[in-house]
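Enquirer: Once you've had a glance at the structure underneath, I'll fire off some questions.
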Amino acid sequence: HPIPENAVVVTVDDGYRSVYDVAWPILKKYEIPATLFIYTDFIGGSKALSWPQMQEMASSGLIDIQSHGVSHSSLSRLPEDTSDSAYRKRLQYEASGSNALFKKYLGEEPVFLSYPYGNSSTLAAEVLKEQDYQLAATVTRGDNTSYADAFLLHRTMIYDNHDMADFKRLVNGFRRKDLL
C-alpha cells in the first residue's frame, strides 16, 4: 500500500508498564497505531507490562506487539560467544526462544524484531531471515528509503526529555528539501 504523506511509525521498546499507564491512553484517544517491541524475560516484572495488559492493547487493533528478543541481550557478537556456532546458537535463542509465549498469550508469533540496543550483525540478520522474520529495526537515526535493507531499518529515538518541538525537528530532519 502507498505510504501516507508525512507518515510516522510509532514504536516503543522493552515493555515498561508506563506504556500501559501513560502511552496507551494517549494512543487510544487519538487512535494512533504503534508497535511495541517486547523482550519476554521482562514481562510481569515489577516495572513491566503483564500479558493481560498486552492482550488488552493488542485486541484493540491499534497495538502490534513484536519481539525484542528474550533477554534484551545485544545481538552483536559478545565476548562470551566463544565460537561462531555458540554465537549462532545464542542468536537463534534470542530470535525464537520466546515465540511459544507470544503464540500462547497473543495468538501469533512475532515477525518483526527490534535489535536490543540497536546492535546487529550480518549473522543476526541471517538468523532472523532463517526464523521467518520479515524485518528488523536498529536505533540508527535516519529515514528508510524504498530500497532500505529490511533487516537494518532506521529509527529515531525520542526520549522523555524531548518536547514536541524536538519531535518535529527530529522527524522533519529527514524530509527532502525539494519535497517541502
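Enquirer: Would segment 30-49 turn up any residue that is of a type outside the set (Val, Ile, Thr), assigned to a helix (DSSP H, G or I) and more than 19 Å from Val127 (Cβ to Cβ)?
Expert: Yes, segment 30-49 has at least one match.
Enquirer: If you don't mind, another one. Which residues, counting only those in segment 117-169, are open to solvent by less than 60 Å² (accessible area, probe 1.4 Å) and among the aromatic types (Phe, Trp, Tyr)?
Expert: Tyr133, Phe151 - these are the residues of segment 117-169 that are open to solvent by less than 60 Å² (accessible area, probe 1.4 Å) and among the aromatic types (Phe, Trp, Tyr).
Enquirer: Here's something else I'd like to know. Checking the condition at pLDDT 95 or above, surrounded by 16 or more Cβ atoms within 10 Å (Cβ to Cβ), within 17 Å of the chain's Cα centre (by Cα) and aromatic (Phe, Trp, Tyr), which residue from Tyr87, Tyr16, Tyr105 passes? Walk me through it before giving the result.
Expert: Values: Tyr87 fails: within 17 Å of the chain's Cα centre (by Cα); Tyr105 fails: within 17 Å of the chain's Cα centre (by Cα).
The conditions single out Tyr16.
Enquirer: Okay, moving on. Could you check segment 50-63 and list, in sequence order, the residues that are under 20 Å from Lys29 (Cα atoms), assigned to a loop (DSSP other than H, G, I, E, B) and open to solvent by less than 40 Å² (accessible area, probe 1.4 Å)?
Expert: Result: Leu62, single match.
The values are calculated or read from the model by the stated rules, or taken from the named source; none is laboratory data. Predicted model only: the values in this text are computed from it and were never measured. Note: ideal-geometry Cβ built from the backbone for every residue, glycine included; neighbour counts use all protein chains shown. Accessible surface is based on the protein model in full, side chains and every heavy atom, while ligands, DNA and RNA are left aside. Shrake-Rupley method; radii C 1.70, N 1.55, O 1.52, S 1.80 Å.
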